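Student: There's a structure below that I have some questions on.
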Amino acid sequence: MAYFISDRQALASDRERSAYTPFVPEVRGCKRTEEMIDKGHPLYTALCSISTLESTSNEMVVYPVVPDGCISMFFYTRDKLNYAKLCGVTDSIRKFIVYPGDQILTTDWHWSPYKTIAAEQGRSIATFRLFNENYGFNAEDFRKRVGEMLEEQDRLIIILNTPAQNPTGYSLTDADWQKVISILSSQAPEKRIALLVDTAYIDFAGDEDEYRSFLPYLEELPANVLPILAFSMSKTFTLYGLRCGAMICLAPNEEIADEFVRVCEFSSRASWSNSPRVGQSIIANIFADKDLLDRVTKERKEIRDMLLKRGRAFEEEAERAGLPILPYDGGFFASIPCDDPASASRELEAEGIFLVPLAMGLRVSLASISEEKCRRIPAKVVEVLNKR
Ligand SMILES: Cc1ncc(COP(=O)(O)O)c(C=O)c1O
């Protein structure tokens with residue numbers, strides 16, 4: 001049932017990431033077990049939970065796995081204190097904490113709760129331009145902003161939401177990723193950088209394996225850059241309201257991996273005491289039943305295909321109507337750049353079209369309208385914007 005992120009990926013060693021060999025449970029003194037979702041109080045999860053392997057040795061075993069397209073992290077040992085931990089939290093990491101007053105870097109087009117989350121932590125957001133003049137990834141602005149910010153602060157958290165970004169639908173290409181890695185690798189080694197990749201829509205962009213092709217690039221990062229994946233199981237398993245997720249740290253050595261677990265536990269406890277059990281139990285049940293897993297995988301594909309069809313319809317009609325839109329690759333949303341988005345949204349509302357005003361444009365929720373509506377919206381938007 002378990003696949004590994006890549007054959008070079010592992011956590012429990014201080015060797016170069018590229019020197020890792022695949023984790024083979026049987027060779028490493030582990031045996032596969034059923035998910036023990038009945039363990040503990042029925043209404044609570046452990047701070048972290050769900051397990052699939054049991055260690056037959058007394059040593060701590062730490063490794064990341066990808067069970068059928070879902071990336072999870074399993075920590076298992078015979079020592080009951082370290083029993084079966086899956087980190088299901090997105091929170092700050094003490095080692096890479098950004099000091100109060102420091103800024104977090106993300107793209108100018110971004111999911112607005114990043115700002116709220118940062119503000120609640122006494123931090124703020126700085127942005128770089130996601131697109132260059134040709135509507136490709138603006139690596140130059142990324143380089144410039146990273147450099148400028150690291151002159152001002154010693155630690156930097158960078159959030160990149162890809163693939164199928166909310167709100168634009170943009171996905172960084174492998175070539176974009178190579179530039180990101182090269183820019184981050186060239187920063188001074190005493191600077192601490194956490195690269196948080198928000199992969200909320202990774203399974204709604206296209207082929208699930210192809211859209212994981214950027215993962216090996218993260219292994220090339222030097223030790224002062226910590227890659228972290230924020231993975232939304234609620235999205236991948238179509239349980240949108242359940243808010244079940246995983247924070248996956250590709251730590252360069254065991255010490256950082258251990259600290260990551262401790263910090264996640266501490267932060268989870270401080271944030272919401274325990275994470276809700278329902279989503280985790282559902283997912284554990286899905287993985288315990290091959291038929292169920294096949295059905296969810298099929299259901300997700302159907303939803304993805306439907307979204308991509310809507311996206312293509314919207315793109316086609318936008319082109320026909322002469323409406324400039326941002327490059328949509330996949331996911332739930334697409335965006336239209338425009339001036340004064342708030343009034344544009346009000347004017348469209350009067351025509352029965354509800355688009356969310358953003359700082360620099362309007363967001364179209366492909367997830368909540370039919371393909372036929374996706375086709376109708378562009379011409380209507382052009383009509384309303386032209387009247388202004
Ligand atoms: C970019 C982005 N990141 C994260 C989330 C939250 O994901 P989750 O359902 O795991 O809480 C969302 C949407 O809800 C989102 O659009």
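Student: Is the stretch 94-252 best put as rounded, prolate or oblate by its Cα gyration tensor, with a ≥ b ≥ c the root eigenvalues, rounded for a/c under 1.5, and otherwise prolate when a/b is larger than b/c, oblate when not?
Tutor: Here the stretch 94-252 falls in the rounded category.
Student: Report the calculated FRET efficiency for residue 259 and residue 154 (r = Cβ-Cβ distance, R0 = 25 Å), to the nearest 0.05.
Tutor: 0.85
Student: Label-point separation (nm) for residue 346 and residue 383, each offset 7 Å from Cα along Cα-to-Cβ?
Tutor: Modelled inter-label distance: 2.1 nm.
Student: Further question: Answer rounded, prolate or oblate for the stretch 97-184, using the Cα gyration tensor with square roots of eigenvalues a ≥ b ≥ c: rounded when a/c is under 1.5, else prolate when a/b is larger than b/c, else oblate.
Tutor: oblate
Student: Points 7 angstrom from Cα along the Cβ direction at residue 373 and residue 240: gap in nanometres?
Tutor: With each label point 7 Å from Cα toward Cβ, the separation is 1.1 nm.
Student: Additional query: Residue 112 to residue 295: extension gain in nm, 0.36 nm per residue of separation minus the Cα-Cα distance?
Tutor: Additional length available on full extension: 62.6 nm.
Student: Something else now. Taking the Cα centroid of the stretch 252-270 and of the stretch 199-221, what is the distance between the two, rounded to the nearest whole Å?
Tutor: 24
Student: Order by neighbour count: 170, 240, fewest other Cβ atoms within 10 Å first, most last.
Tutor: Exposure proxy ranking, most exposed first: 240, 170.
Student: Tell me, 111, 177, 272 in order of fewest to most beta-carbon neighbours within 10 Å?
Tutor: Listing 111, 177, 272 from fewest to most nearby Cβ atoms yields 272, 111, 177.
Student: Given contacts defined as C-alpha pairs under 8 Å and at least six residues apart, what's the relative contact order of the stretch 174-331, whole-number percent?
Tutor: 22
Student: What number results when the radius of gyration of the stretch 302-386, computed over Cα atoms, is divided by 2.2 N^0.38 Å?
Tutor: Its radius of gyration relative to the 2.2 N^0.38 Å reference: 0.99.
Student: Grab the beta carbon distance between residue 305 and residue 223, set R0 = 45 Å, and tell me the FRET efficiency rounded to 0.05.
Tutor: 0.65
Taken together, the values in this text are just the output of simple stated rules run on the coordinates, not laboratory data. Bear in mind the structure is a predicted one, so any value in this text is a computation, not a measurement. Cβ sites come from the backbone with ideal geometry, for glycine too, and all protein chains shown count toward neighbours.
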